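Some notes on the structure that comes next.
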Amino acid sequence: MALVLLLSATSLGACSAGSAGSYCDALKTAEADWKDAGATLKDPAAAARFVATITQIEASAPEEVKADWASLRVLVAKFTVAKPDLAALTKQMQGFEASAKRIETHAKETCGVDLGS
């Protein structure tokens with residue numbers, strides 16, 4: 001459920017300046033990709049582009065959420081094939097909930113970005 005909330009986020013707010021500035025900028029730049037994330041996962045080519053976006057965010061993510069972004073990248077990468085293993089994905093999504101919550105909380109507290117609504 002948290003992944004759905006994360007991937008269906010439609011509003012990215014302004015980010016604070018400082019050491020997290022490039023991370024916040026990356027989140028803001030990715031706004032268009034987040035709007036259609038649910039549909040993106042149905043198209044392997046679009047999912048691959050979304051993985052690239054997540055990779056850019058992950059590269060600038062602070063250490064406290066870098067592993068969580070890596071987890072999201074690995075999960076979304078599973079949708080880049082024509083017929084993803086949905087049973088395996090369901091299990092992985094359940095394990096991703098804690099990472100999604102950390103990403104959502106960190107994005108809101110650090111950048112003023114609400115990924116959960």
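Any read-out appearing in this document is the output of simple, stated calculations on the displayed coordinates, not a laboratory observation. Computed from a predicted model, the values in this text were never measured in an experiment. Counting neighbours? That spans all protein chains shown, and the Cβs are built from the backbone with ideal geometry, glycine included.
I want to check the label-to-label distance for ALA82 and ALA98. Put each point 7 Å from Cα in the C-beta direction and report it in nm to one decimal.
The answer from the label model is 3.7 nm.
Taking the Cβ of THR105 as the center, what net charge do the other residues with Cβ under 11 Å away carry, scoring Lys and Arg +1 and Asp and Glu -1?
Local net charge: -2.
Would you tally the net charge around GLU64, using a Cβ to Cβ cut-off of less than 11 Å, leaving GLU64 out, and scoring K and R as +1, D and E as -1?
-1
Roughly speaking, what is the stretch gain from LEU89 to GLU109, that is 0.36 nm per residue apart minus the C-alpha to C-alpha distance, in nm to one decimal?
Working it through step by step, the gained length comes to 4.3 nm.
Could you give log10 I(q)/I(0) at q = 0.14, 0.15, 0.23 Å⁻¹ for region 20-117, computed by the Debye formula over C-alpha point scatterers of equal weight, without solvent?
Values, matching the q order: -0.49, -0.56, -1.31.
To make sure I understand, if each residue's beta carbon is the centre and we count other beta carbons within 10 Å, what order do GLU58, GLU97 fall in, fewest to most?
Ascending number of Cβ neighbours within 10 Å: GLU97, GLU58.
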